Amino acid sequence: MTRQRLVLLAALGSALMLAGAFGFQYIGDMPPCKLCIWQRWPHAIAVLIGLIAALMPHRVISLLGALALTIGAAIAFYHAGVEQGWWEGPTSCTSAGVSGLSVDDLLDQILAAPLVRCDEIPWSLAGISMAGWNGIVSAGLALVWLVSARR
């Protein structure tokens, strides 16, 4: 497969991941948490890199696409770990960091918290959350970008 086709495949994959995320949000009525939003950015950047690569096919541009989605996979796997309770997530969207707080401070934190928590799994398939699937797909797309850089 040519570099151009691989770049198109990788960029289209990211565009479809974004479409899926917005579909879950607006059609499935599943608003995103803070970490879900963070996971969208690398895909958006990869789509832009794909557009640039279509105009200026170069190995370095493909490597930038791979870097964007490697970062995306890392964010997604971090989020999946937060959901599983393997480590704490940001205190701004999880229940972490509440020990030792007074009742008033705890109430203030609860009232200031976003409506969607990062440490809850709203949907899963085959025991893997959306964040986990995003990590798997992002890692796969990063590999496609790497293969395109070698062509």
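The values are calculated or read from the model by the stated rules, or taken from the named source; none is laboratory data. If you're wondering where the values come from, they're calculated on a predicted model, not measured in any experiment. All Cβ positions, glycine included, derive from the backbone under ideal geometry; neighbour counts span all protein chains shown.
Tell me whether the stretch 36-47 contains one or more residues that are buried (at least 19 other Cβ atoms within 10 Å of the Cβ), farther than 20 Å from Ala149 by Cβ and touching a residue at least 40 places away in the same chain (Cβ under 8 Å). For the stretch 36-47, residues buried (at least 19 other Cβ atoms within 10 Å of the Cβ), farther than 20 Å from Ala149 by Cβ and touching a residue at least 40 places away in the same chain (Cβ under 8 Å): present.
Name every residue in the stretch 49-59 that is without any contact (Cβ under 8 Å) to a residue 12 or more places away in the chain and assigned to a helix (DSSP H, G or I), in order of residue number. Scanning the stretch 49-59 gives Ile52, Leu55. Looking across Ala11, Ala53, Ala66, one residue alone is closer than 16 Å to Ala149 by Cβ and in contact with a Phe, Trp or Tyr (Cβ under 8 Å, 6 or more places away or on another chain). It is Ala66. For the residues Ala21, Ala11, Ala44, Ala15, the requirement of being in contact with a helix residue (DSSP H, G or I) (Cβ under 7 Å, 6 or more places away or on another chain), in a helix (DSSP H, G or I) and either over 15 Å from Ala68 (Cβ atoms) or modelled with pLDDT under 95 (or both) singles out Ala21.
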